[in-house]
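The values are calculated or read from the model by the stated rules, or taken from the named source; none is laboratory data. This one's a predicted model, so the numbers in the text were calculated from it and none came from an experiment. Quick reminder, even Gly has a Cβ in these numbers, built from the backbone with ideal geometry, and neighbours come from all protein chains shown.
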Amino acid sequence: MAKGTQHASRLCANAPKRPVNLSLNADLVARARGQTGNLSELVEGLLIQYVAERQAEKDARAEALRATVATWNTFGDRYGAFSDEHSTL
């Protein structure tokens, strides 16, 4: 990807790279290195995808909750609440 492009929503594509330590299966790393010229780029791409998928799931849950609240509010506005008949307030 070209420098300065967005990889995922709200991800700073210009953020500096930094070394990290990971404990990975040595055979898996060897096999992956045999299939890619840039293991760091591959892992970064997988992390971008993972973060984007988790964010999409979080956004979907938030939207479902918002829709549920709106539905209950509409129901309450139209029919009131059972407790309204019994409230002493």
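Pick out the one residue from VAL20, VAL69, VAL51 that is hydrophobic (A, V, I, L, M, F, W, C) and outside any helix (DSSP H, G or I).
Residue meeting the stated conditions: VAL20.
Can you name every residue in region 28-42 that is touching a Leu at 6+ places or on another chain (Cβ under 8 Å) and assigned to a helix (DSSP H, G or I)? Those that are touching a Leu at 6+ places or on another chain (Cβ under 8 Å) and assigned to a helix (DSSP H, G or I): VAL29, ALA32, ARG33. Filtered by the rule that a residue be among the small types (Gly, Ala, Ser) and either touching a strand residue (DSSP E or B) at 6+ places or on another chain (Cβ under 8 Å) or modelled with pLDDT of 80 or more (or both), region 1-46 gives ALA13, ALA15, SER23, ALA26, ALA30, ALA32, GLY34, GLY37, SER40, GLY45.
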